[in-house]
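For reference, the structure discussed in these notes is given below.
The values are calculated or read from the model by the stated rules, or taken from the named source; none is laboratory data. As the structure is a prediction and not an experimental result, all values here were calculated from the model. When we count neighbours, we look across all protein chains shown, and the Cβ atoms used for this are built from the backbone with ideal geometry, even at glycine. Ligands, DNA and RNA are stripped out before the accessible areas are found, and what is left, the full protein with its side chains, is counted by its heavy atoms. Shrake-Rupley method; radii C 1.70, N 1.55, O 1.52, S 1.80 Å.
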Amino acid sequence: MIINNTLREYKNKKPIRFHMPGNKGNKEFTRFFKDLASIDITELGFSDNLLDAKGIIKESEKEYAKSIGVKKCIYSTCGSTISNYSILRCFSKQTICYEGNAHRSVENACELFDIKGIKIPNNKGTDGRNIPITANQIEDTLKKNKAIKAVMITYPDYFGSCGDIKTISNVCKKYKKYLIADSAHGAHLFYSDILPAAPSKYADAFVISTHKTLPSLTGGSVICINNSTLAPQIEENFKKIHSTSPSYPIMASIEYANDYMIKYCDKKIREIYETLKKFDSIIAGSNYERVMVDDFTRLIILCKKDDGIETEAILRKNNIYIEIFDKRFLVLVLSVMDNKKDLIKLARILKKT
Ligand SMILES: Cc1ncc(COP(=O)(O)O)c(C=O)c1O
């Protein structure tokens, strides 16, 4: 029982989880889903069918769409990888452009669906991180490549940086191109105005991974569609690409996440915002500094002594687990399931290190 033992050992440590999934194994979440195996069912007379939704799944998708301000939502239990494939297949045998640091699913979709993909290189920030492409870069690319049908942006990226989606959307409208957003990291942007703008008003279609930043199970993703020309094609693609055995617990957790965020996100996200100010004051003058990014729930810590590898090991010794790291940066994922106490503990350990 190798995997089981490893996972249970991790659980028993009661770790502080600054990594995905956004449910963080939080008590409130685990209490709600304590009967996971009992709700793990298949398509029955009453339980609808994700690949031909007409009943409870369709109703739930409609509610999701309404609450985030888009025309149509399709749930996926195979992550945003499959959601991106479902959208990008619309451009089979055509040309699209996308950011240099796009997720591998974008490049894979180009290969799988015979799409000509034109990469727009990312810019570098002063601290060496990739930053999003600009509306000017996109406009230049569109001028040079008339065949482009769609522009795909990553919004936000892994490091919480967001491009200027409003201006990018205006450029796409001017050149009559579809704007597709890979918002896998942005499922939380719809519920509080202290977060960067949500993609709902700007993109023709976009994907969100509920499992990354919301209280949802790994695999939860939603395809969000505003454009009525693309909608039927995306739906057809989805039926061809998604597993015929979607997970009901994952679908239930997508719905739970939206409900939870509507009720509590704004309050909880503001608490995180305030706690981060305290976090900054604790680590002030230390070897670490918070990098200010557009989405403050992506906590990026600069290691001034280039000792990120050693720092991660120290955090692990203190039962704190983070998303990714290299010698320069630590990347931590925060969600509404985190608490103030854990963030302050992290700051105190960094201060001492
Ligand atoms: C920008 C981006 N898009 C899409 C994906 C794929 O999402 P999923 O893991 O939900 O399949 C990822 C995964 O890390 C990602 O970073």
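Note on region 100-145: residues that are among the aliphatic types (A, V, I, L, M), within 15 Å of the ligand (Cβ to nearest atom) and assigned to a loop (DSSP other than H, G, I, E, B) total 2. Would you check if there is a residue in region 338-345 being open to solvent by 20 Å² or more (accessible area, probe 1.4 Å), free of Cβ contacts under 8 Å to residues at least 24 places away in the same chain and within 19 Å of the chain's Cα centre (by Cα)? No, that holds for no residue. Restricting the search to region 62-74, which residues are free of Cβ contacts under 8 Å to residues at least 60 places away in the same chain and either touching a strand residue (DSSP E or B) at 6+ places or on another chain (Cβ under 8 Å) or within 13 Å of VAL207 (Cα to Cα) (or both)? The answer is LYS62, and nothing else.
Tell me, yes or no, whether region 42-58 has at least one residue that is of a type in the set (Asp, Glu) and touching a Phe, Trp or Tyr at 6+ places or on another chain (Cβ under 8 Å). It would help to see each step written out before you state the result.
Here is the first cut: in region 42-58, the ones of a type in the set (Asp, Glu) are 43, 48, 52.
If we keep only those that are touching a Phe, Trp or Tyr at 6+ places or on another chain (Cβ under 8 Å) as well, we get none.
No: region 42-58 contains no residue that is of a type in the set (Asp, Glu) and touching a Phe, Trp or Tyr at 6+ places or on another chain (Cβ under 8 Å).
Taken over region 98-116, the criterion of being buried (at least 19 other Cβ atoms within 10 Å of the Cβ) and free of Cβ contacts under 8 Å to residues at least 24 places away in the same chain is satisfied by CYS110 alone. For region 86-97, filtered to residues that are within 23 Å of HIS185 (Cα to Cα) and open to solvent by 10 Å² or more (accessible area, probe 1.4 Å), the residue that is nearest to the ligand (Cβ to nearest atom) is ARG89.
Considering the conditions (1) touching an Asp or Glu at 6+ places or on another chain (Cβ under 8 Å); (2) within 12 Å of THR77 (Cβ to Cβ), PRO196 is excluded by exactly one of them, (2). The set of residues in region 164-196 that are small (Gly, Ala, Ser) and open to solvent by 20 Å² or more (accessible area, probe 1.4 Å) is empty. Of the residues screened, ILE148 is not one that is more than 16 Å from the ligand (Cβ to nearest atom) and either under 18 Å from THR81 (Cβ atoms) or at pLDDT below 95 (or both). For the residues ASP266, ASP204, ASP182, the requirement of being of a type outside the set (Gly, Ala, Ser), in contact with a Phe, Trp or Tyr (Cβ under 9 Å, 6 or more places away or on another chain) and at pLDDT below 95 singles out ASP266. Selection over region 23-78 of residues that are outside any loop (DSSP other than H, G, I, E, B), open to solvent by less than 50 Å² (accessible area, probe 1.4 Å) and under 27 Å from ASP193 (Cα atoms) gives a count of 11.
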